[in-house]
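Quick notes on the structure that follows.
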Amino acid sequence: MKILVAVKRVVDYAVKVRVKPDRTGVETANVKMSMNPFCEIAVEEALRLREAGAAAEVVAATIGPAQSADTLRTALAMGADRAVHVLHDSPDPARPLLPLSVAKILRAVALQEKPGLVILGKQAIDDDCNQTGQMLAGLLQWPQGTFASKVVLDKEKQKATVDREVDGGIETICLDLPAVITTDLRLNQPRYATLPNIMKAKSKVIKKVTPEELNVDIRSDMEVIQVTEPPKRKAGVILSSVDELLDKLKNEAHVL
Amino acid sequence: MAAMVVGALRRGGGGGFRRGPRGLAQSLRRLVSTLVVAEHEGGFVKPSSLSALAAAEAIAKDNKVSLLLGGSGPALHKAAEHAASSHPLVSEVLVAESDALAHPLAEPWAELLRSVQQKGGYSHIVASSTSFGKNLLPRAAALLDVSPVTDVTAITEPRVFVRPIYAGNALCTVRYTGEDPCIMSIRSTSFSPATEAMSETKVAPITQVDLSSLNEDSFRKSTWVNLTSQDTERPDLGNAQVVVTGGRGLKSAENFKLLEQLAEKLGAAVGATRAAVDAGFVPNDLQVGQTGKIVAPALYMAFGVSGAIQHLAGMRDSKVIVAVNKDADAPIFQVADYGLVADLFEVLDELIKKIPDKK
């Protein structure tokens, strides 16, 4: 069985983002970029499944401009077997590439690659959309296991039992393969790419393709009007005792 | 023409109308009708879904709302009755009764939404951004070939929304320029349900949804097994007026019992940071943060919480924030209204002693 993992290049999670003064977006020039943390977890899960004998090949895919190849190199360095780079640039920041288009592209890739499982991060930490995996599953008419905290594959029965982190606790569902899974934080701890693997990754294949070649028509149904800073909180005070705190909460803030 | 259009909407000629004379439709004021996909529990519509109704009102004051409920059993019917008088804008309650919908599985629910939308031709579909809404809405949107907007915190025009990005460090205002339906999930902390009772006792009609045209192929591909949840008397984290949160500084699951004691005194819900959940101190459903629960209580008290960007994303809209941490440089103090640089265990002890029991 093949596992397809979709990854995204995003602003590193530790970066304190700044809104551009012209309000067209967030400052990304000269800012550290990394693989989306949830995507790292997705790659890691795919690798573990392959190492456990549940899959034969892990293929990483990304959609983005030339620089997105870095993210594929990281996936290959972690241990993915090969990669697919769907080249796409969004020159107009007011018309970004939407999850529906990403899902349509991934569907085209999945129909070509025929994986038994597609694993994605549950959300990208830049747009925080949390949509692509669900949309991909809908377009493929495959079952979905989102916000996964545990995945157990039954190769014989061709099923995946997925534990999901939901509002009320942990929900367990069982999916027929092929299926789409999106990863939550606690699914696993991703490995670091070792230097020998980074070197080995340089000779692994990255196939380049365009959305046109995949017969995907990219539609832009969203216009970004502006990006602004959230309202600033008034500066707070450091108090010196619990009594003072209780007094402030009761008599100043009126919350007790 | 307007009467014809309204008639088409009512008769469920939605499919034909949607593709119809768009030029003419554009010259008419765009008619707003909204399908609110609601959740229910114990015979009542959930508070998060009441927030979705508030969002429907924000879309348009004269919005025509159909509230959809699904599942099976007497609790479903009781919830339908609650829904029928839950908000002045609710003009009908749609009940989809099937065992396939008894659990929040995305596959049958998305197919249900697709079918209901094709019959009803709504201009908008709204659900609250709960795990149910987040799991379901994008799949349904893909089936309808539209791009949804998720995690909306403000609605400034029927198709203009504000949503947080970069863990809430920026707010993005977007205009949806696609075809109907405009699909969105909303943050319940940004839309408070109307608390005033309806002046006239308007009770909306309850209609059974015809499920015969649903494509059941995808239903058989997923099975619900179980839900493991904590049995607790604490109020729900998403709606609580007071939240007390513990971070890594609590050091053990045992110590979280101290937080519970404080929570008991304050009638509060207990929250946790990712670090505390990862360390196994508390289960995942207590996690507050960018990828956990979003809360906006009147009072948020953070004990032993450093204040990572991802945690702040989940609580920065709280009205009053109190932070207790022995590290004076902890980032949490930058968002706290009141801070105590002290040993959290000593502070907890003192608070528990000095705060009277909740009557």
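Computed from the coordinates by the stated procedures, all read-outs in this text should not be read as laboratory data. All values derive from a computational prediction rather than experimental measurement. Note: ideal-geometry Cβ built from the backbone for every residue, glycine included; neighbour counts use all protein chains shown.
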Here the FRET efficiency for B:Asp278 versus A:Lys16, based on Cβ atoms and R0 = 25 Å and rounded to 0.05, is 0.65
What relative contact order, as a whole-number percentage, does the range A:70-190 give when Cα pairs under 8 Å and 6 or more residues apart are counted? 23
Show the residues, 5+ positions off or on another chain, whose built amide H is closer than 5 Å to the amide H of A:Val84. A:Ala60, A:Ala61, A:Thr62, A:Lys207
How large is Rg over Rh for the range A:128-256, taking Rg from the Cα atoms and Rh as the Kirkwood inverse mean of 1/r across Cα pairs? 1.17
In the protein assembly as shown, if the dipole is taken from +1 on Lys/Arg beta carbons and -1 on Asp/Glu beta carbons about the Cα centre, which of B:Ser222, B:Leu237, B:Gln287 is farthest to the positive end? B:Ser222
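At a temperature of 25 °C and a viscosity of 0.890 mPa s, determine how fast chain B diffuses translationally according to Stokes-Einstein, using the Kirkwood radius over alpha-carbon pairs as Rh; express D in µm²/s, rounded to the nearest whole number.
D = 112 µm²/s.
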Considering only DSSP beta bridges with both partners in the protein assembly as shown, what is the antiparallel share in %, to the nearest 5? 35
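Under the classification rounded if a/c is under 1.5, otherwise prolate if a/b is larger than b/c and oblate if not, where does the range A:66-117 fall, given a ≥ b ≥ c as square roots of the Cα gyration tensor eigenvalues?
Working: a/c = 2.83, a/b = 1.30, b/c = 2.19.
Judged from the Cα gyration tensor, the range A:66-117 comes out oblate (a/c at least 1.5, b/c at or above a/b).
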Gaussian network model of chain B, Cα springs within a sub-10 Å range: biggest mean-square fluctuation belongs to which of B:Ile165, B:Ile59, B:Ile332? B:Ile165
Along Cα→Cβ, 7 Å out, is where each label goes; now give me the distance between the ones at A:Arg95 and B:Glu346 in nm to one decimal. 6.2
If you find the alpha carbon centre of the range B:62-140 and of the range B:333-353, how far apart are they in angstrom? 43
Convex hull over the Cα atoms of the range B:177-308, averaged projected area in nm²? 14.1
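Length gain on complete extension for the stretch A:Lys234 to A:Lys155, per 0.36 nm per residue less the alpha carbon to alpha carbon distance?
Details: separation 79, 0.36 × 79 = 28.44 nm, distance 5.63 nm.
Stretched out fully, the A:Lys234 to A:Lys155 stretch lengthens by 22.8 nm.
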Just B:Gly121, B:Gly271, B:Gly339 to compare: in a GNM of chain B, with alpha carbon springs under 10 Å, which one fluctuates most? B:Gly339
Could you give the nm distance between label points at B:Asp231 and B:Asn215, where each point is 7 Å from its Cα heading toward the beta carbon? 4.4
Under 12 Å between alpha carbons, and skipping anything fewer than 8 positions from B:Lys358 in its own chain: which aspartates and glutamates qualify? B:Glu264
Could you tell me which residue out of B:Tyr176, B:Tyr300, A:Gln134 lies farthest along the dipole of the protein assembly as shown toward its positive end? Charges go on the beta carbon: Lys and Arg +1, Asp and Glu -1, centred on the Cα centre. B:Tyr176
Which of the peptides B:134-144, A:108-118, A:158-168, A:198-208 is most tightly packed, and how do the rest follow, going by the mean number of other Cβ atoms within 10 Å of each residue? B:134-144, A:158-168, A:108-118, A:198-208
Which of B:Ala75, B:Ala106, B:Ala269 fluctuates most in a GNM of chain B (C-alpha springs under 10 Å)? That residue is B:Ala75
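For chain B, what's the relative contact order in percent, using C-alpha pairs closer than 8 Å and at least 6 residues apart? Write down the numbers at each step before the final one.
On the way: 725 pairs, mean separation 47.9, N = 359.
RCO, chain B: 13 percent.
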Just to confirm the number: angle between the C-alpha axis of helix B:256-266 and the first principal axis of chain B, 0 to 90 degrees, nearest 10? 70
Would you mind telling me the antiparallel percentage of the DSSP bridges in the range A:13-159, rounded to 5? 25
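Would you calculate a helix-derived [θ] at 222 nm for the protein assembly as shown, using -39,500 (n - 2.57) for each DSSP H run of n ≥ 4 and dividing by the full residue count, to the nearest 500?
-8000 deg cm²/dmol
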Along the positive direction of the dipole of chain B (beta-carbon charges: Lys, Arg +1; Asp, Glu -1; about the Cα centre), which of B:Val152, B:Ile352, B:Ile59 reaches farthest? B:Ile59
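Restricting to DSSP loop positions (anything but H, G, I, E, B) with no more than 16 other Cβ atoms inside 10 Å of their own Cβ, which GluC sites (Glu not before Pro) remain in the range B:162-246?
Values: sites: B:Glu179, B:Glu196, B:Glu200, B:Glu216, B:Glu233; in loops: B:Glu179, B:Glu196, B:Glu200, B:Glu233.
Within the range B:162-246, the qualifying GluC sites (Glu not before Pro) (loop, at most 16 other Cβ atoms within 10 Å) are B:Glu179, B:Glu196, B:Glu200, B:Glu233.
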Helix A:99-113 sits off the longest principal axis of the Cα atoms of chain A, rounded to the nearest 10 on a 0 to 90 degree scale, by 20
Under the rule a/c < 1.5 gives rounded, and otherwise a/b versus b/c splits prolate from oblate, where does the range B:259-319 land using the Cα gyration tensor? oblate
Distance from the Cα centre of the range A:179-217 to that of the range A:1-64, in angstrom? 8
Looks like the range B:283-359, by Cα gyration tensor root eigenvalues a ≥ b ≥ c and the a/c under 1.5 rounded cutoff (else prolate when a/b is bigger than b/c, oblate otherwise), is oblate
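Tally Lys/Arg at +1 and Asp/Glu at -1 over every other residue whose Cβ is under 12 Å from the Cβ of B:Lys46; what's the total? Walk me through the numbers before you get to the answer.
On the way: positive: none; negative: A:Asp167, B:Glu39, B:Glu41, B:Asp236.
Every neighbour counted, the sum reads -4.
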Amide H of A:Tyr13: which non-local residues (sequence gap of 5 or more, or other chain) have their own amide H closer than 5 Å, using H built in the peptide plane? none
Tell me, rounded to the nearest percent, the portion of alpha carbon pairs in chain A spaced more than 22 Å apart. 59
Identify the GluC sites (Glu not before Pro) of the range A:177-256 meeting these criteria: DSSP loop state and at most 12 other C-beta atoms within 10 Å of the C-beta. A:Glu212, A:Glu213
Could you list log10 I(q)/I(0) for the protein assembly as shown at q = 0.06, 0.10 Å⁻¹, which the Debye formula gives when each Cα is one point scatterer? -0.32, -0.92
Could you work out, residue by residue across A:94-100, how many beta carbons of other chains sit within 10 Å of that residue's beta carbon, and then give the average as an integer? 3
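Explain nothing, just the number: dipole magnitude of the protein assembly as shown about its Cα centre with +1 on each Lys and Arg Cβ and -1 on each Asp and Glu Cβ, in debye rounded to the nearest 20. List each step's numbers first, then the result.
Working: 71 positive and 71 negative charges, 277 e Å.
It works out to roughly 1320 debye.
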Give the cross-link partners of A:Lys248 among the aspartates and glutamates, using a straight C-alpha distance below 17 Å as the criterion and excluding same-chain residues fewer than 8 apart. B:Asp337, B:Glu350
What is the sum of charges, Lys and Arg at +1 and Asp and Glu at -1, for the other residues whose Cβ falls under 14 Å from the Cβ of B:Ser213? -2
Taking Cα pairs closer than 8 Å and at least 6 residues apart, the relative contact order of the range B:265-359 in percent is 24
Karplus-derived HN-Hα couplings along the range A:161-177 (A = 6.51, B = -1.76, C = 1.60, θ = phi - 60°), whole Hz, x at Gly and Pro: 9, 10, 8, 10, 8, 10, 3, x, x, 10, 9, 10, 10, 10, 10, 7, 7
Rounded to one decimal in nm, the spacing of the 7 Å Cα→Cβ label points at B:Ala328 and B:Thr177 is 5.3
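Pop the C-beta distance of A:Gln189 and B:Val203 into the FRET formula with R0 = 60 Å and round what comes out to the nearest 0.05. Intermediate values should be presented prior to the final figure.
Details: r = 54 Å, r/R0 = 0.89.
Computed FRET efficiency for A:Gln189 and B:Val203 comes out at 0.65.
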Taking only Cα atoms, what is the 0 to 90° angle, nearest 10, from helix B:47-59's long axis to the longest principal axis of chain B? 60
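Looking only at other chains, what is the average number of their beta-carbon atoms within 10 angstrom of each beta-carbon in B:154-166? Write down the numbers at each step before the final one.
Values: counts 0, 0, 1, 0, 0, 1, 2, 2, 3, 3, 3, 12, 14.
That works out to 3 on average.
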